[in-house]
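The values are calculated or read from the model by the stated rules, or taken from the named source; none is laboratory data. Fair warning: this is a prediction, and the values are worked out from it, not measured in the lab. All Cβ positions, even for glycine, are placed from backbone atoms using ideal geometry, and neighbour counts span all protein chains on display.
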Amino acid sequence: MKTKNNQNANSGNFVAHLTELRSRLIKSFIFLIFIFLICYFFSAEIYRFLVQPYSEAVLSKGLDRRLIFTALHEAFLTYLKVAFFAAIFISSPVFLSQIWKFIAPGLYKNEKQALLPYLIATPTLFILGGCLVYYLIMPLAIKFFLTFETVAEPGIIPIQLEAKVNEYLSLIMRLIFAFGISFQLPIILSLLARIGIIDSEYLKLRRKYVIVIIFAIAAILTPPDPITQIGLALPLLLLYELSILTVKFIEKNRDA
């Protein structure tokens with residue numbers, strides 16, 4: 001009889017946890033939709049902000065360039081993508097806070113102290129990766145691609161860049177997500193160290209393999225040009241070295 005009561009209590013707790021999780025997810029999605037509607041209202045301004053690296057690179061060379069769209073619905077879909085991209089970016093802290101509120105009551109005090117820095121560091125590193133793309137990588141990459149233009153000469157037509165709004169947006173969004181996710185490397189490695197899967201010596205011994213893997217990942221995630229590939233690979237190498245120091249710090253605290 002006691003066993004049956006325990007099973008019923010466990011079943012009730014499980015259903016209550018699922019109900020709470022569903023409630024928090026619904027709140028997060030409602031907030032996401034609300035932010036999406038606001039972002040769509042300002043989608044033209046957000047897109048102009050994302051185009052700013054291209055505009056500055058073109059104007060710095062004194063070029064007369066434009067962004068074009070070749071399908072009737074292309075601009076409309078581009079603004080939808082812009083709004084959704086901005087909404088995800090803005091509402092991600094809310095998603096993380098809802099996840100934290102869901103799991104925090106079941107954690108001990110020391111576990112909360114261990115996990116809370118990761119919840120703060122995750123969006124921070126993502127934003128740093130996005131800022132690196134926006135303020136450094138994209139301007140350098142655009143200037144690199146513009147060097148392949150040719151001027152008109154007798155008997156030769158000029159080769160000029162006329163970027164499409166959708167392709168430019170897809171490129172900068174892909175780079176921001178690629179850099180933002182790649183910058184989570186210290187988070188992943190330190191979590192693996194906390195649960196005992198890796199240690200600092202393991203990371204040191206496999207450094208030469210990691211260098212090859214990082215450059216391979218950079219080649220896959222970025223366009224086929226040296227600027228963006230090196231721009232992603234070098235920060236990842238620095239983050240890997242930082243991860244080794246972080247893992248060492250974790251080991252010292254664990255030993256203490």
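The condition (being at pLDDT 85 or above and surrounded by 19 or more Cβ atoms within 10 Å (Cβ to Cβ)) is satisfied by just one residue among Ile220, Ile172: Ile172. Where helices (runs of 4 or more DSSP H) sit wholly within the stretch 186-256, those with at least 2 residues that are within 20 Å of the chain's Cα centre (by Cα) occupy 207-221, 226-255. Name the single residue that is surrounded by the fewest Cβ atoms within 10 Å (Cβ to Cβ) among those in the stretch 72-88 being part of a helix (DSSP H, G or I) and free of Cβ contacts under 8 Å to residues at least 40 places away in the same chain. Applying the filter and picking the extreme gives Phe76. Looking across the stretch 153-169 at every residue that is within 24 Å of Phe69 (Cα to Cα) and without any contact (Cβ under 8 Å) to a residue 40 or more places away in the chain, the one that is surrounded by the most Cβ atoms within 10 Å (Cβ to Cβ) is identified as Glu167. State whether the residues of the stretch 19-29 include one that is within 22 Å of Phe177 (Cα to Cα) and either in a helix (DSSP H, G or I) or out of contact with any His (no Cβ under 8 Å at 6 or more places or on another chain) (or both). Looking through the stretch 19-29, at least one residue is within 22 Å of Phe177 (Cα to Cα) and either in a helix (DSSP H, G or I) or out of contact with any His (no Cβ under 8 Å at 6 or more places or on another chain) (or both). Can you name the residue in the stretch 89-148 that is out of contact with any helix residue (DSSP H, G or I) (no Cβ under 7 Å at 6 or more places or on another chain), assigned to a helix (DSSP H, G or I) and of a type in the set (Phe, Trp, Tyr) and, of all such residues, is surrounded by the fewest Cβ atoms within 10 Å (Cβ to Cβ)? Here the answer is Tyr135.
Out of curiosity, is Phe145 of a type outside the set (A, V, I, L, M), in contact with a Leu (Cβ under 9 Å, 6 or more places away or on another chain), within 28 Å of Leu119 (Cα to Cα) and touching a residue at least 40 places away in the same chain (Cβ under 8 Å)? So Phe145 fails the test. Exactly one residue out of Leu191, Leu205 is farther than 17 Å from Gly130 by Cα, surrounded by fewer than 20 Cβ atoms within 10 Å (Cβ to Cβ), aliphatic (A, V, I, L, M) and in contact with a helix residue (DSSP H, G or I) (Cβ under 8 Å, 6 or more places away or on another chain), and it is Leu191.
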